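See below for the structure under consideration.
Please treat every number below as a calculation from the coordinates, not as lab data. In this text the structure is predicted, and so the values were computed from the model without any measurement. Counting neighbours? That spans all protein chains shown, and the Cβs are built from the backbone with ideal geometry, glycine included.
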Amino acid sequence: MAAHTQPGRPNQLFRNLNSKIASIPMMLTAVVIFLGGTIWTVVYSFTNSKLLPRLSFVGLEQYERLWDTPRWIVSIQNLATYGCLSLIFSLTIGFLLAALMDQKIRFENTFRTIFLYPFALSFIVTGLVWQWILNPEFGVQSVVRSLGWTSFTFDPLYNSDIVIYGILIAALWQGTGLVMCLMLAGLRGIDEDIWKAARVDGIPMWKTYLFIIIPMMRPVFVTTLVIIASGIVRIYDLVVAQTSGGPGIASDVPAKYVYDYMFFAQNLGQGFAASTMMLLAVAIIIVPWAYLEFGGRKRG
Amino acid sequence: MDKSLTMPVSGPAISAQAGSRLEAGPQGKRPRKRLSSRNIIVYGALGFAALYYLVPLYVMVVTSLKGMPEIRLGNIFSPPMEITFEPWVKAWAEACTGLNCDGLSRGFWNSVRITVPSVIVSIAIASVNGYALANWRFKGSEIFFTILIVGAFIPYQVMIYPIVIVLREMGLYGTLYGLILVHSIFGMPIQTLLFRNYFVSLPEELFKAARIDGAGFWQIYFRIMLPMSLPIFVVSMILQTTGIWNDFLFGVVFTRPDTYPMTVQLNNIVNSVQGVKEYNVNMAATLLTGAVPLIVYFVSGRLFVRGIAAGAVKG
């Protein structure tokens, strides 16, 4: 207020002074934590810090060691498998559920509540529940076996080849409700006249969805994609709760690798290098999107 | 069902005036049958999906009400033959993490002490940020905002260690204050976005009229914007409460064992390697930890839905 009622020459620095003061927490967070912290980590990833961060540069040694570590390779493979499948399934299931919900059904609120409640739960809770359900001794496997199919085997959490799918099942349970909701909001945002026009033209419903509605929902899909993708890269709690990275290192993920090296193995340099690789992975997803979205918005 | 009841009643009424309408053909929409094959598919698919979402909750409840002998014998889907609340009591007051055997209650109160101030602080900061960004843009404000939004996508692991150092320098590392600060920082991008979008959507004339009447930054915020933004405050409170309650990573990094939030303690109880696994106690503990966000979710109902949808689609 003061800045605007003040007489005299307007000073560029003091214009909107209150707004600037109010934004100090935001500026500090943006510059010191987000920008500064990221740069700090990237810089220290080129050092041989062990127990404490030290500025003695060793070039790319940490990265060479990182990519020579089998555990890191496993983490990356897991992330890739989990990431691709999770994207495909959550988008497909989410959209299908949303399309079903959009058929003017009864009990829409009930269904929505059911589909979305897992999203309110933490990954820890999710992981622990599915750990119990997938427990081979008591869970699904033993129930199916007791029904007579004695050779039935379904023990994803104890089989290192398929453990990542066990995590995927839990992750989809937790996350698809959100995707469904976003998609449903997108579907509701589409003009009813489009539907009428398509019906007049005699276009079958599935074709209308595939060739008219989905292309129209591009922004919704892009937003959802970015939300899911950035969640995938940081997957951590779910793995910790469900498998603790096991059996062995079979379900390890980059986030867990980083945490273990930073806070348990006292090998900060490795942790920094690994987290920088995570940053790189996110950058590959985010930069093109940000360029398209924000770059485009400025022009328009 | 009710369609078939009304049909004979409306039959004569139609035939009475049918003469003039006959050439025009049937008018209006044909009543759709309730049990058309299309409806069966829709409801069938939805029902099947609902089952997948509900089974884990059911299994949790059922398991937590059984005794251990029954769990060893029966299957996880069967309802308990004998309902016992002992696992719940044990999970709340006696379950062990390491050497402490005072159950989840400690974690619960820690989580309360973390969540309440974090929600208040983060929303206060974010709403002012959003307001400044929407109505009082200054040179560079958009740049900071862009950094903030892009920063929301940076994996936390990248920034955790520098924050540890900063908090250690401030003497806050390992304290609840430190964790509250961390939650406020990382809640900021999404919350600011939510508030900014909301304030942008308000009619600009309101703001302009207030400016002409001589109101300043804080005056407009407290007397015009705040009273109008109750819905978005509730929405962001819901999101922040569930988000902070459910956090695990920050809890494990920034607190010490005696101040661990509930999620961390829960994980330690369930995944501890020593001792016999008591699955019923584990499930009771899991339900207890999930109870708070679940209650928030069920009470808030459509507001939760509207919140996440509005926040994501507009962004």
Subject >> chain A: most fluctuating residue of A:VAL32, A:VAL163, A:VAL240 per GNM, C-alpha cutoff 10 Å >> reply: A:VAL32
**OP:** For peptide B:121-129, compute the average count of partner chain beta-carbon atoms within 10 Å of each residue's beta-carbon.
**Re:** 3
Subject >> Exposure proxy ranking, count of Cβ atoms within 10 Å, fewest first, for A:PHE154, B:PHE145 >> reply: A:PHE154, B:PHE145
Subject >> Least to most buried among A:LEU17, B:LEU249 (fewest other Cβ within 10 Å first) >> reply: A:LEU17, B:LEU249
**OP:** Could you list B:LEU54, A:LEU184, A:LEU147 in order of exposure, starting from the residue whose Cβ has the fewest other Cβ atoms within 10 Å?
**Re:** A:LEU147, B:LEU54, A:LEU184
**OP:** Pick out which of A:LEU280, A:LEU28, A:LEU97 has the largest mean-square fluctuation in a Gaussian network model of chain A, springs linking Cα atoms closer than 10 Å.
**Re:** A:LEU28
Subject >> Residue-averaged [θ]222 nm for chain A, counting only DSSP H segments that reach four residues, each worth -39500 (n - 2.57) >> reply: -19500 deg cm²/dmol
**OP:** Report the one residue of A:SER151, A:GLY246, A:ALA283 whose Cα lies farthest in the direction of the positive end of the charge dipole of the range A:66-299 (charges on C-beta: Lys and Arg +1, Asp and Glu -1; origin at the Cα centre).
**Re:** A:ALA283
**OP:** Based solely on C-alpha atoms, express the radius of gyration and the Dmax of the range B:92-141 in angstrom.
**Re:** 19.5, 57
Original post:
So what is the relative contact order of chain A, in percent, for Cα pairs below 8 Å that sit 6 or more residues apart?
Top reply: 27 percent
**OP:** Please list, in chain and number order, the residues 5+ apart from A:THR47 or on another chain whose amide H is under 5 Å from its amide H, with Hs placed from the backbone.
**Re:** A:VAL58
Original post:
In the range A:83-153, how does Rg compare with the Kirkwood Rh, expressed as the Rg/Rh ratio over alpha carbon atoms?
Top reply: 1.10
Subject >> chain B: C-alpha gyration tensor shape, a/c 1.5 cut-off, then a/b vs b/c >> reply: oblate
Original post:
What does the average come to when, for each residue of peptide B:256-266, you count the partner chain Cβ atoms lying within 10 Å of its Cβ?
Top reply: 2
Original post:
What dipole magnitude, in Debye to the nearest 20, does the protein assembly as shown give about its Cα centre under +1 on Lys/Arg Cβ and -1 on Asp/Glu Cβ?
Top reply: 1840 debye
**OP:** Restricting attention to the protein assembly as shown, give the cysteines that have no other cysteine Cβ less than 4.7 angstrom from their Cβ.
**Re:** A:CYS84, A:CYS181
Subject >> Student exercise, the range A:66-299 dipole from Lys, Arg, Asp, Glu Cβ charges, in Debye to nearest 20 >> reply: 640 debye
**OP:** Could you pull out every residue, at least 5 positions away or on a different chain, whose amide H is within less than 5 Å of the one on B:ASN100? Hs are placed 1.01 Å off N in the peptide plane, and Pro or chain starts have none.
**Re:** none
Original post:
Listed highest first by mean packing, meaning other Cβ atoms within 10 Å per residue, what order do B:103-116, B:152-165, A:46-59 come in?
Top reply: B:152-165, B:103-116, A:46-59
Subject >> Angstrom value of the Kirkwood radius, inverse mean 1/r, which spans all Cα pairs in the protein assembly as shown >> reply: 26.9 Å
